[in-house]
Every structure is written in C-alpha cells, then in structure tokens.
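Below is one structure, written out as structure tokens, with a few remarks after it.
The values are calculated or read from the model by the stated rules, or taken from the named source; none is laboratory data. For clarity, every value in this text was computed on a predicted model and none was experimentally measured. Virtual Cβ from ideal backbone geometry, glycine too; neighbours counted across all protein chains shown. The accessibility values were calculated without ligands, DNA or RNA, using every heavy atom of the protein model including side chains. Shrake-Rupley method; radii C 1.70, N 1.55, O 1.52, S 1.80 Å.
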Protein chains: 2
Amino acid sequence: MTLPDPIGWTRDGAVRILDQTLLPDQERYLELDTVDGVAEAIRTLRVRGAPLIGIAAAMGLTLSARRGPVSLDAVCAAAAALGATRPTAVNLHWALARMERRAAAAIAAGDELGQALRDEADAIREEDRAMCARIGAAGAHLIGGDAVVLTHCNAGALATGGMGTALAPVYTLHAAGRRVAVVADETRPLLQGSRLTAWELGRAGVPVTVIADGMAASRLRLGDITCVIVGADRIAANGDVANKIGTYGVALAARAHGVPFYVAAPTSTIDPATPDGAGIPIEQRAAEEVTGWRGHAAAPAGARVWNPAFDVTPAELVTAIITDRGVFAPGDVGRVAG
Amino acid sequence: MTLPDPIGWTRDGAVRILDQTLLPDQERYLELDTVDGVAEAIRTLRVRGAPLIGIAAAMGLTLSARRGPVSLDAVCAAAAALGATRPTAVNLHWALARMERRAAAAIAAGDELGQALRDEADAIREEDRAMCARIGAAGAHLIGGDAVVLTHCNAGALATGGMGTALAPVYTLHAAGRRVAVVADETRPLLQGSRLTAWELGRAGVPVTVIADGMAASRLRLGDITCVIVGADRIAANGDVANKIGTYGVALAARAHGVPFYVAAPTSTIDPATPDGAGIPIEQRAAEEVTGWRGHAAAPAGARVWNPAFDVTPAELVTAIITDRGVFAPGDVGRVAG
C-alpha cells in the first residue's frame with residue numbers, strides 16, 4: 001500500500017512539502033527554507049489538513065533558528081506568524097505552543113536551540129504517525145468488516161504525518177484484506193475530495209467513487225453506504241465538530257437515513273477551552289475560491305460570495321468520535337482531552 | 001428589469017438560442033436550422049431548464065417541415081429524436097406530444113404544416129411566458145414582502161420562456177419595489193447557479209450571493225433565509241419532486257431549520273402517470289462533468305464517478321408547490337394536473 005509523503009526534511013534541514021494545490025495535475029515538491037515560506041504554504045493551502053498543518057508549523061518554526069542561536073522572542077515572533085495563517089485549526093496552535101515551550105526549556109538549559117526544535121518537530125510528526133495508526137485500528141475495529149465509507153474533504157495521508165484520520169480506518173481495513181471502498185465528496189470550493197482523497201486512495205489501490213457534494217444526500221438514500229467518516233479541525237468540549245464546509249449537510253443527510261456519522265481525529269483536535277461550537281472561529285476565505293477555477297470564471301465578475309471554510313456539526317448528529325485513545329460518544333470528549 | 005431572452009426565431013425561421021454552456025464568460029447565440037442541431041443543443045445543455053427544453057423541442061420540431069411538406073411519420077421521427085435527449089424532464093415529452101397532435105390535425109385538415117407547427121410552438125412559448133408570470137404572482141403573494149430566497153440550480157428566465165419559475169416570485173417582488181435578495185447554490189457539477197442564476201439576477205439588479213452547495217446547510221442555520229424556492233423537472237402524482245441533483249440535501253437542511261421549502265413549476269411539470277418519485281427515471285450523465293472543468297483535471301485520470309443529474313425530494317419535505325394555477329400542498333398536485 002503506497003501512501004504519499006506530504007512533508008519531510010531536505011538534506012540541509014529545509015522543509016520539503018508536496019504542493020497540494022497542484023494535485024492531481026502535478027506532483028511537485030517545494031523546498032522551503034524560511035518561516036515566511038512555510039507560513040505562505042499553510043495560508044495558501046499548499047500544505048493543509050489539521051494534523052499536517054500542526055506538523056508543518058512545527059517544522060517551519062525550526063527554520064527560525066536554522067542560521068544559529070536566536071532569542072526566545074524571535075522564536076515566539078516566528079510562531080505568531082505561523083499561528084496567524086489559519087484561525088480554525090486547533091492543532092496549529094497546539095503544535096506551536098509545544099514548540100515554544102521546548103524552545104524556552106532549551107534556552108534555559110543551554111541546549112542547542114536548533115537541534116532542540118528539530119527534535120520536538122520530529123516528535124510531533126512521529127506522534128502524529130502513531131496517532132493515525134491508532135485511529136485506524138480503533139475505526140477498523142468499530143466498522144468490523146467490509147464497508148463502503150462516504151467521506152468529505154481530505155483527512156487522509158495528505159492531511160497528516162501518517163495514514164490519515166478519516167481514511168485511517170479505510171487503509172487499515174484494506175491492509176487487512178477487507179473489501180473497502182470509498183465514496184468521496186469532491187468538496188467545493190477547493191476540491192480536496194476529488195483532487196486529493198481520490199488521488200491518494202487510487203495510489204493505495206482502494207476503490208473510490210467521486211461525487212459532487214450535492215449528491216451525498218441521494219447517495220446516502222441509495223442504501224449502500226456503511227458509514228460516513230470525516231476528520232475534524234476542532235472539536236469543542238461538548239462534542240460539536242468544526243470540519244470542512246459541507247460536513248454539516250452530510251451529517252444531516254446521514255441522520256435522515258440512519259447511517260452512522262463518525263468523526264476521526266487525534267485527541268489534540270479536542271479543545272477543552274471551547275465549550276461548544278458557537279465558540280469556534282470560522283475562517284472566511286476569498287470569493288475567488290468560488291467564483292473562478294484555474295483562470296476560468298465560474299460566476300459573473302464581481303459576484304458576491306459567502307465562503308466560510310468550515311462549518312460546525314452539532315454533537316447530536318455525531319454517532320461517535322474515533323480517536324487515538326479509542327472511540328467515544330461526542331458528549332464524552334471533554335473528559336478525554338488534555 | 002432586464003431579463004435575458006434565451007430562445008427565439010431568426011428572420012428566416014431557424015431557432016436562435018443563447019449558448020448557456022458559455023455563460024458567464026461569453027454571451028453567444030447560435031442559429032440552429034436542423035432538428036439534429038436543436039437535439040444536440042438540448043443534449044449538451046446549451047439550452048436547459050425543464051420549461052425551456054419543452055419550448056426548444058417544440059421550436060426545433062418546426063424545422064422538420066421547414067423545407068416543405070413532410071409526412072406525419074417524418075414529424076414523429078423528428079419528435080422521437082428530440083424526445084430522446086433528456087429522459088427526466090416531463091415538459092419535453094408534453095410539448096412534443098402536443099406538437100405531434102397539431103401536426104396530425106394540420107395534415108388531416110390540409111393546413112400548411114410548417115405554419116401550423118410554428119403557431120403551436122409559439123403558443124407553447126407564449127403560454128409558458130404567461131405561466132411564469134402567474135407563478136411569480138402566486139409566489140410573491142405567498143412570500144408577502146421583503147425576503148432572502150435561497151435557490152438551487154437555475155429556474156429563472158434562462159430556464160423558461162418568461163421570468164422563470166423559482167425566480168419568478170423574486171422578480172415579481174423586486175419589480176414591486178420589495179427588498180428581495182437571493183442566495184444561489186453554485187450547483188455542481190455544471191454550475192448553473194453561479195454561472196446562470198447569478199448572471200441573470202445581476203443583470204436584473206437583484207442582489208445575489210453565490211455559495212458552494214456544501215454551504216447551504218450552514219447558511220440555513222445562520223437564520224437569514226426567508227424561504228427556499230427551487231424549480232422542478234418532474235412532479236409525481238403524490239407530490240415527490242425531481243429536480244437538479246443537490247435539491248434533496250437542501251430540502252433536508254431547510255426542514256432541520258424550519259425554513260419553508262417551496263417548489264415553483266408550471267402544472268405541465270406534474271406527471272399524473274407517475275405515482276411517486278420512485279417511478280421517475282433519473283438521467284446519469286458523463287463522468288467528465290465532475291472530473292474536469294474547461295480542460296483542467298479536478299480528479300485523477302480515470303476516476304470513477306457517480307453523476308445523477310437529478311434527485312427526488314419526497315413530498316413530506318415540500319412546504320408547498322407554487323404553480324400557474326395557484327399554491328398547493330404537495331399531496332394535492334395529483335388532482336391539479338392534466
């Protein structure tokens with residue numbers, strides 16, 4: 001099973017990323033050697049997916065100390081620049097806060113700052129890989145056999161340091177020889193489902209069918225979907241889930257047809273400081289994402305657009321949350337976090 | 001208020017259509033002088049929208065007798081070719097059956113066949129224009145004042161011989177000086193909402209906001225939508241409604257948020273011969289509509305796609321059906337038809 005490797009180090013310690021905005025047309029890698037370069041890559045979604053954003057920010061922060069020792073203030077300023085790129089993903093802030101603590105400890109102890117930051121970033125990435133595997137095992141156990149999984153956006157290997165979150169149970173079942181197939185919402189406006197999810201599943205040999213987002217409700221009515229699994233950008237303490245725009249409509253349709261709706265995410269996605277979904281900031285993105293695509297107008301010039309990047313699915317529509325620490329009812333996640 | 005004119009006659013009796021596949025980039029008109037040319041235009045959605053398809057087929061059928069008298073068999077063969085273009089729209093078959101009856105009567109009476117067909121096509125078009133106006137009046141009365149209307153696909157002037165079906169109440173309220181705005185689902189895969197609905201509303205001076213289809217549920221939760229109004233391609237005798245794919249998910253979200261969900265359609269859209277939605281044939285369209293757009297890959301080469309053009313919204317999710325004969329509960333349409 002061949003999974004993509006969306007992030008890594010170059011030999012001289014720069015950050016190498018797969019430019020996901022060019023998929024599936026081109027598989028092109030960028031070598032980024034500045035904090036600003038990594039921040040730009042996160043902001044423009046060249047690197048995306050909540051867990052991978054955390055990893056990219058951590059790896060990007062190491063570049064602040066790449067040319068020699070710097071002050072803790074300089075590290076924190078770099079972290080602030082990286083943290084300002086995407087407001088909704090909680091992993092981003094979680095990873096940067098952890099990197100800042102490590103920087104402070106290294107400076108206090110007189111350790112080499114660059115190496116300390118790199119070790120911490122590697123640890124975050126390695127832990128993410130292990131978390132994905134545990135989510136995969138927990139989800140595969142929950143599903144228990146052959147399955148057709150409907151998913152939205154991309155919460156796969158391209159979104160994480162490992163085999164993904166929502167797609168981890170799929171890959172785990174596939175690797176175990178189960179018959180598992182995926183129906184992938186294309187996920188407008190940026191088409192992460194058709195561009196990314198279909199691409200990585202195809203490479204891994206998992207059968208995938210792409211549908212437009214408006215087809216999900218009809219497909220759920222068709223009766224062949226075992227369950228829905230989506231990722232999460234932030235989970236509030238009460239179990240409300242912020243995820244890619246369009247998730248909420250899928251959850252409503254799954255409920256209407258009695259299809260289980262699962263959220264798969266590392267426990268670092270749970271934000272105990274946010275009591276419920278109303279407290280989750282929702283990033284508004286540029287009109288151009290909706291009005292045009294690769295230079296072609298999809299709407300009249302100057303058309304007004306409403307383009308929230310995420311929506312909130314209320315806890316009552318979530319059947320269960322699949323985490324690296326096991327499967328929980330949404331109402332229980334507040335106790336799991338931290 | 002400037003509305004587009006999507007179909008007309010050329011001076012020498014050919015059919016002039018606005019090529020809707022090129023909007024909003026280009027406003028280009030085609031002059032079609034053969035039945036096959038009109039059939040191709042319907043099949044490829046250069047002309048689309050259930051009422052306009054009926055008009056286009058009727059006008060196209062006149063071309064079978066344009067070069068002089070032909071047999072009834074020839075007219076019926078041409079009608080069959082036009083009727084085979086789109087399986088779901090009931091107006092298409094309704095209009096063609098009416099044209100065939102007129103052809104038979106003209107031949108039996110010794111009338112000039114070409115003129116008889118042209119008169120009948122003009123009558124169908126003129127009746128459609130009047131029906132749109134009546135739907136507009138009925139819908140405006142139902143809404144009763146300022147409104148924000150969410151719509152899916154395009155059931156406006158570009159879909160009919162008049163001011164549209166779903167958009168007719170909007171235009172009627174706008175012309176009466178009410179503050180009315182529209183939130184338009186872009187409507188993947190063919191983007192009739194962002195390309196067509198936003199274009200014609202903008203020309204008419206009605207404020208419009210474009211959203212991706214996956215945003216509709218979130219927008220309905222926001223609380224500023226007065227009602228949803230969509231068109232219909234076919235309404236079964238029990239009130240089940242076939243309309244553009246994605247309509248059903250919007251109906252589920254409207255129900256979840258207590259927002260009225262209206263269907264606006266001429267009574268010719270009601271098919272008393274189809275008892276319920278299960279009997280409505282759903283056209284499956286080519287994978288390429290989903291996997292690419294204007295030459296760019298939106299999915300990996302060879303990706304499997306499920307691409308139904310329509311879905312069925314069950315009658316129980318429909319608040320009311322706005323027709324040229326007034327507003328009806330969905331369960332009552334079986335008695336209205338015919």
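Within region A:168-194, take every residue that is open to solvent by less than 20 Å² (accessible area, probe 1.4 Å) and assigned to a helix (DSSP H, G or I) and give me the one that is nearest to the other protein chains (Cβ to nearest Cβ). Among them, the one singled out is A:Ser194.
Scanning region A:202-216 for residues being open to solvent by less than 10 Å² (accessible area, probe 1.4 Å) and at the interface with chain B (Cβ under 9 Å from one of its Cβ atoms) gives a total of 5. Within region B:18-34, the set of residues being closer than 18 Å to B:Gly202 by Cα and among the aliphatic types (A, V, I, L, M) comprises B:Leu18, B:Leu22, B:Leu23.
Give the number of residues within region A:277-296 that are within 14 Å of chain B (Cβ to nearest Cβ) and either acidic (Asp, Glu) or surrounded by fewer than 19 Cβ atoms within 10 Å (Cβ to Cβ) (or both).
Total meeting the criteria: 13.
Of all the numbered requirements in (1) hydroxyl-bearing (Ser, Thr, Tyr); (2) within 14 Å of another protein chain (Cβ to nearest Cβ); (3) touching a residue at least 60 places away in the same chain (Cβ under 8 Å), B:Thr197 misses one, and that requirement is (3).
A count restricted to region A:169-183 and to residues that are farther than 14 Å from A:His141 by Cα and out of contact with any Leu (no Cβ under 7 Å at 6 or more places or on another chain) stands at 2. When region B:1-58 is filtered for residues that are touching a helix residue (DSSP H, G or I) at 6+ places or on another chain (Cβ under 6 Å), assigned to a helix (DSSP H, G or I) and over 24 Å from B:Phe310 (Cβ atoms), only B:Val35 remains.
Scanning region B:65-80 for residues that are out of contact with any Ser or Thr (no Cβ under 7 Å at 6 or more places or on another chain), part of a helix (DSSP H, G or I) and either free of Cβ contacts under 8 Å to residues at least 40 places away in the same chain or open to solvent by 40 Å² or more (accessible area, probe 1.4 Å) (or both) yields a count of 6. Only a single criterion out of (1) more than 13 Å from chain A (Cβ to nearest Cβ); (2) touching a helix residue (DSSP H, G or I) at 6+ places or on another chain (Cβ under 6 Å); (3) open to solvent by less than 10 Å² (accessible area, probe 1.4 Å); (4) small (Gly, Ala, Ser) is not satisfied by B:Ala299, namely (1). Checking each residue in region A:24-44 for being open to solvent by less than 30 Å² (accessible area, probe 1.4 Å), under 24 Å from A:Glu289 (Cα atoms) and at pLDDT 95 or above picks out A:Gly37, A:Val38, A:Ala39, A:Ala41, A:Ile42. Out of A:Ile7, A:Ile42, one residue alone is under 24 Å from B:Ala298 (Cα atoms), β-branched (Val, Ile, Thr), touching a residue at least 60 places away in the same chain (Cβ under 8 Å) and more than 14 Å from every other protein chain (Cβ to nearest Cβ). It is A:Ile7.
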